[in-house]
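Read through the structure below, which is laid out as structure tokens, and then see the notes.
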Amino acid sequence: MNQVDLKEAISKGETSLGIELGSTRIKAVLIDRRFQPIASGSFEWENQIKDGYWTYDQEDMITGLQTAYREMKREVKQKYGITLTEIGSIGFSAMMHGYLAFDSKGELLVPFRTWRNATTSQAARKLTELFGFNIPERWSIAHLYQAILNEEEHVPRIDYITTLAGYIHWLLTGNKAIGIGDASGIFPIDESTHDYHPTMITQFNDLIAAKGYPWKLEDLLPKVYLSGKQAGELTDKGALLLDPDLMLGIPLCPPEGDAGTGMVATNSVRKRTGNVSVGTSVFAMIVLEKELANVYPEIDMVTTPDGSPVAMVHANNCSSDLNAWMNLFREFS
């Protein structure tokens with residue numbers, strides 16, 4: 001696409017914007033209809049330990065989102081002389097799993113507990129035994145049940161639980177949505193219905209019934225969407241948060257996890273394909289023809305963005321350790 005055609009496409013909103021909140025950077029990338037990058041922006045951040053949990057500050061989530069978008073918008077202006085006001089579609093992805101719990105007023109009840117926390121071994125073990133399905137320590141349901149086992153005071157006040165991508169999507173659209181891949185890191189998915197596994201939902205509710213909480217698990221979880229479905233539109237509040245220049249009503253796709261973006265980027269969504277993602281963590285993913293017959297604690301079961309079962313083998317530490325060693329060698333040299 002030549003410069004004139006590209007400027008016209010940008011002006012008409014024939015573009016898509018992807019924003020990912022990764023472990024070390026928040027990235028905003030604008031592409032054309034041929035999937036070619038037009039402009040990008042980023043914001044560096046780091047997790048921190050707070051009250052014994054790895055977390056990111058809620059304010060940094062918003063500041064980082066705005067900064068990455070603002071850099072991308074500035075690049076569009078510099079390269080093409082266009083003030084970005086219209087975008088064809090927007091999508092968010094972010095680090096999967098973890099625990100963001102909100103009350104009925106939309107207030108965060110405890111700091112974001114990320115996938116890096118290994119504090120839910122008791123809950124993960126008990127739920128794996130109950131469901132006959134491997135529940136990793138980093139999954140949202142493991143964090144919720146561990147909070148219940150710890151009798152944390154915020155639990156009765158929970159109104160909504162989501163992931164980081166789901167939270168940002170909610171802020172911009174007002175819709176409590178989640179892509180099925182990211183949902184599979186919240187709670188097990190039934191491949192036949194492309195929704196949370198109903199039997200396991202019932203088992204969990206029965207497990208905690210004696211606690212007398214004023215909620216059922218299904219009331220707390222975001223609605224599951226498949227790829228290709230519209231999961232909301234940019235609202236006035238969302239535009240005010242991201243960029244007041246943006247037109248309202250821009251469609252948003254379902255928010256997804258970083259594993260889903262890796263599958264799409266490597267064309268590994270079809271059954272019998274796979275990929276390895278190397279970042280702050282490292283994981284291999286194989287798209288299965290059918291679900292595993294047995295429970296293997298080394299294998300996490302998630303899904304593709306269109307709902308096929310995926311076997312994931314995950315290790316928490318990868319590039320962070322490598323970066324530390326490389327920096328040490330650089331200092332020495």
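The values are calculated or read from the model by the stated rules, or taken from the named source; none is laboratory data. Just so it is clear, the model here is predicted, and its values are computed rather than measured. Cβ sites come from the backbone with ideal geometry, for glycine too, and all protein chains shown count toward neighbours. Accessible surface areas use protein heavy atoms only, side chains included; no ligands, DNA or RNA. Shrake-Rupley method; radii C 1.70, N 1.55, O 1.52, S 1.80 Å.
Here are the numbers:
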item	result
Condition check for ILE178: buried (at least 17 other Cβ atoms within 10 Å of the Cβ) and touching a strand residue (DSSP E or B) at 6+ places or on another chain (Cβ under 9 Å)	yes
Some residue of the range 12-26 being surrounded by 15 or more Cβ atoms within 10 Å (Cβ to Cβ), out of contact with any Ser or Thr (no Cβ under 9 Å at 6 or more places or on another chain) and touching a residue at least 60 places away in the same chain (Cβ under 8 Å)	yes
Which listed residue is over 19 Å from PHE283 (Cβ atoms) and touching a residue at least 60 places away in the same chain (Cβ under 8 Å), from HIS194, HIS154	HIS194
Sole exception among (1) in contact with a Ser or Thr (Cβ under 9 Å, 6 or more places away or on another chain); (2) surrounded by fewer than 18 Cβ atoms within 10 Å (Cβ to Cβ); (3) of a type in the set (A, V, I, L, M, F, W, C); (4) within 30 Å of LEU221 (Cα to Cα) for ILE31, by number	(4)
Helices (runs of 4 or more DSSP H) fully within the range 233-333 counting 2 or more residues that are closer than 28 Å to ARG70 by Cα and among the charged types (D, E, K, R)	236-242
Single match in GLY98, GLY132 (criterion: open to solvent by less than 20 Å² (accessible area, probe 1.4 Å), touching a residue at least 60 places away in the same chain (Cβ under 8 Å) and on the phi > 0 side of the Ramachandran plot)	GLY98
Residues satisfying the stated conditions in the range 47-70, i.e. open to solvent by 70 Å² or more (accessible area, probe 1.4 Å), at pLDDT 95 or above and among the acidic types (Asp, Glu)	GLU59
Residues located in the range 240-256, provided they are surrounded by 15 or more Cβ atoms within 10 Å (Cβ to Cβ) and touching a Gly at 6+ places or on another chain (Cβ under 9 Å)	LEU246, ILE250, PRO251, LEU252, CYS253, PRO254, PRO255, GLU256
In the range 192-209, the residues that are assigned to a loop (DSSP other than H, G, I, E, B), of a type outside the set (Val, Ile, Thr) and either modelled with pLDDT of 95 or more or crowded, with 18+ Cβ neighbours inside 10 Å (or both)	HIS194, HIS197
Tally of residues being touching a Ser or Thr at 6+ places or on another chain (Cβ under 8 Å), among the hydrophobic types (A, V, I, L, M, F, W, C) and more than 16 Å from THR15 (Cα to Cα) across the range 222-251	1
